[in-house]
Amino acid sequence: MQPATMDPAEEPPSMLWGLDPIFCAFARLYVRDILQMTESIQVPGIYFYNLHPIYKVDVLGTVVYKREREDFFCYGVDDGTGVINCLCWKNDLFKEEADPTKSGGKHSDGAQGGFNPVAELALLRQAQQSRCRLEIGELLRVRGPVKTSRQQREIMASTFYKVNDPVMAVQIAWMMEVPQLYRQCYDKPVQLQPNATGDSALSSLSKATNIIKEFLKQKSVTRFRPYDVQDLLQPLISSQPQTASADLEPVAGPSACQQLRQLLKEALQILQDEGVVYRKVKSQDEVYQVTAHDTDLLIAVKDVIREDSQREKYAEKGCHILHILSAVRQRHSLNVSKATLELVLKSLECNSDIVSTSDDHYTAF
């Protein structure tokens, strides 16, 4: 394939890549996304998924073709979304062929039934060969950096081995974990903001958002009005330095009360965008529902999935998240956002009330 490259104006500066924790990890991406990642203009061999810098991945899939050479294995791995070439180098121990004449020499005349280092080494070599030499149809786990060779995207394996999975427990666990990683990490916007002061101080808005979150968690609040949490943010306004001009004259600006209301408004908007809170009914009386403690919303979502997953249309794959969102808006509230629904779905899945059959599809147990 011809690798795509990013627009230099969109690509984050390379000095900030280390601020993204995904950059230092083996990203568990679908093969489809690995093949479609865009390559960096600044540093060849670095790729971007949703602006997250990535250069090494972790893949689990079925071997669909193989080729063996003196120094390496070449496996085609299919994870259900695509096929990628994996170049797996043999180490020196693997390439050493076991010599039966050596194992039958002077060491075999030692203490009968005792520990034989040569025999044990031969057994280890055989075990390694059986885990590294795979046949078509067997399950392979491979980790390593992504490379583009001869216009073809492939994985240069640093670790690879055959996975024995007779009851598909490993594959099911993988299929459950990867969509969660996408939702929690890979599909979230990247934030590579340098810290000019060199410390971890948060902005007033971030502090305000965290204060409200902590209050809702500690008090197990189910719903609240803005004035219920407004006083919690007062210390953030009091601690802000006074704005002054070049002549050290006070500059006319918003009063402390206005600053407090504006800070509260922006913090509540962030909480709504994250799905932490929502307004069931939009009226002059601003009442915010706390998603994690709204049992009526959880019941409504669970009922929609349980009822609709029994229909023939959704019996095989489950209900798509957008279908669930539409049904919940009709049944519960028009103001339920997708972010709010995702938090509810995550809670129901953790409680084993529902299960994700594939990416963005859910069904009831």
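The GluC sites (Glu not before Pro) found in the range 268-309 that occupy coil by DSSP, while having at most 14 further C-beta atoms within 10 Å, are Glu286. Among the GluC sites (Glu not before Pro) in the range 124-176, those located in a DSSP loop and surrounded by at most 13 other Cβ atoms within 10 Å of their own Cβ are Glu135.
Surface exposure of the range 255-347, expressed per residue as accessible area with a 1.4 Å probe, stands at 55 Å². In terms of its C-alpha gyration tensor, the range 312-365 comes out oblate, because a/c is 1.5 or above while a/b does not outweigh b/c. For the range 250-337, which trypsin sites (Lys or Arg not before Pro) are in a loop by DSSP, counting at most 14 other Cβ atoms within 10 Å? Qualifying residues, ordered by number: Lys282, Arg311, Lys313, Lys317. Under a 5 Å amide H cut-off, with hydrogens placed 1.01 Å from N, Arg28 pairs with Asp58 among residues at least 5 apart or on other chains. Rolled with a 1.4 Å probe across the full set of protein chains, the surface gives Ile270 an accessible area near 50 Å².
For the range 225-235, putting each phi into the Karplus relation 6.51 cos²θ - 1.76 cosθ + 1.60 with θ = phi - 60° gives couplings of 10, x, 5, 5, 10, 4, 5, 5, 8, 4, x Hz, in residue order, rounded to whole numbers and with x for Gly and Pro. What is the distance in Å between the Cα centroid of the range 14-59 and that of the range 274-339? Measuring centre to centre over Cα atoms gives 34 Å.
The values are calculated or read from the model by the stated rules, or taken from the named source; none is laboratory data. What you see is a predicted model, and the numbers here were worked out from it, not measured in a lab. Neighbour counts are summed over all protein chains in view; Cβ atoms, including those assigned to glycine, are modelled from backbone coordinates with ideal geometry. For accessibility, only protein heavy atoms count, side chains too; no ligands or nucleic acids. Shrake-Rupley method; radii C 1.70, N 1.55, O 1.52, S 1.80 Å.
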